[in-house]
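Step one of this worksheet: look at the structure below.
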Amino acid sequence: MNVQMAFNLFLVDHESYCSEQSIVYYRFNVQKFVDFLSDQLGSVPDLIECDVISRELVLAYLSQLRGTGCKNTSINTYFRAAKVFLNYCIDEGYCSADVLRKVKFLKKDNAPVLPLTQWEVDEIDGCYNDKTESGLRNLCIIHLMLDAGFRLGDVVSLTFKGINFKLNYLTIKGKGDKFRTVFLCLKLKRMLYHYLIKYRAYTPEDDFPVFAQVGTAEPITETSVKMVFARLKKRAGIDRLHPHLLRHTFATSFIIGGGNLEFLRMMLGHSDYATTKMYLHLAQQAKMLHSDIYRLDPVFFQAGY
């Protein structure tokens with residue numbers, strides 16, 4: 001079995017159960033590994049047999065990734081795709097199990113995660129004019145992450161049908177095509193409603209994407225949202241700002257406010273507690289530093305009925 005054919009079969013196999021976003025991730029990042037093999041072995045992927053892939057080549061690829069100067073988290077993201085592909089090849093008998101023997105991911109970066117404070121969120125909000133299409137759209141995107149714990153991909157894939165204005169909740173299909181539900185607080189509800197009524201041909205039962213490029217009906221992409229944050233980082237003067245920091249802020253603030261860990265796990269879409277428990281540490285750290293963390297709507301902390 002040659003590498004190119006194995007790659008094609010890998011994609012076909014994963015398309016049967018992975019989300020479109022995951023397939024894009026594998027297609028791009030496994031291709032990087034395939035290109036590396038081609039460069040190292042001096043041949044095209046169609047002529048490289050899978051059984052010539054060695055542990056030494058895998059370690060050399062990891063070393064090359066480390067030489068890019070990226071953070072360990074980013075390197076692990078790139079390398080994870082190659083590792084999944086190699087595990088597929090091992091399971092199918094295309095290459096030896098020895099290729100991944102004692103090949104480990106890099107240690108996580110030790111940079112502290114500092115959630116956004118109330119005044120930093122005020123600075124962010126002040127960068128946009130909610131009377132304009134782009135300003136209101138960007139505020140909606142930001143507060144979906146900040147007040148609902150959305151991932152970047154969740155924002156892009158949110159549809160009209162996923163917003164229930166009557167019962168005040170959001171439904172999103174996240175990682176692994178799993179659906180989850182999150183409270184829709186009043187502030188975010190007003191933003192989304194005004195954006196949809198003013199700038200989108202809003203029909204509640206349709207699966208059309210909520211967010212579009214300004215002045216068009218063309219859906220936004222993850223790349224376009226990243227560009228929004230790149231500009232915002234400079235305008236707000238918050239060097240550590242990135243999309244996932246808003247989700248971290250949501251989760252940490254929920255814990256500090258007295259939120260239930262199981263509720264948080266469900267709202268974030270985590271499959272187990274291991275990842276969710278990280279926010280217990282962040283919450284304790286924020287308390288220790290007397291951080292004026294951004295506060296969530298009281299709706300998240302209502303008990304009983």
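Structure notes:
- The residue list 15, 56 contains one member that is surrounded by fewer than 15 Cβ atoms within 10 Å (Cβ to Cβ) and closer than 19 Å to residue 153 by Cβ, which is 15.
- For first residues located in region 53-79 and of a type in the set (D, E, K, R), partners that are not in a helix (DSSP H, G or I) and lie 6+ apart or on another chain with Cβ distances below 7 Å form the pairs 55/101; 55/103; 71/109.
- Selection over region 21-75 of residues that are outside any helix (DSSP H, G or I), among the charged types (D, E, K, R) and either assigned by TED's automatic domain parsing to the domain that holds residue 178 or within 18 Å of residue 106 (Cβ to Cβ) (or both) gives a count of 1.
- For first residues located in region 119-138 and more than 20 Å from residue 216 (Cβ to Cβ), partners that are surrounded by fewer than 16 Cβ atoms within 10 Å (Cβ to Cβ) and lie 6+ apart or on another chain with Cβ distances below 6 Å form the pairs 127/235.
This table checks each residue for (1) farther than 17 Å from residue 294 by Cβ; (2) of a type in the set (S, T, N, Q).
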| position | (1), (2) |
| --- | --- |
| 163 | yes, no |
| 168 | yes, yes |
| 187 | no, no |
| 194 | yes, no |
| 203 | yes, yes |
| 210 | yes, no |
| 236 | no, no |
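- Once region 68-127 is narrowed to residues that are under 21 Å from residue 36 (Cβ atoms) and among the acidic types (Asp, Glu), the residue that is modelled with the highest pLDDT is 92.
- Residue check, residue 246 part of a loop (DSSP other than H, G, I, E, B) and hydrophobic (A, V, I, L, M, F, W, C): no
- If you go through region 240-281 and keep only what is aromatic (Phe, Trp, Tyr), modelled with pLDDT of 85 or more and surrounded by fewer than 19 Cβ atoms within 10 Å (Cβ to Cβ), you end up with just 263.
The values are calculated or read from the model by the stated rules, or taken from the named source; none is laboratory data. Predicted model, so just to flag it, every value in this text is computed and none were measured. Don't worry about glycine lacking a Cβ; one is built from the backbone with ideal geometry, like all the others, and counts go over all protein chains shown.
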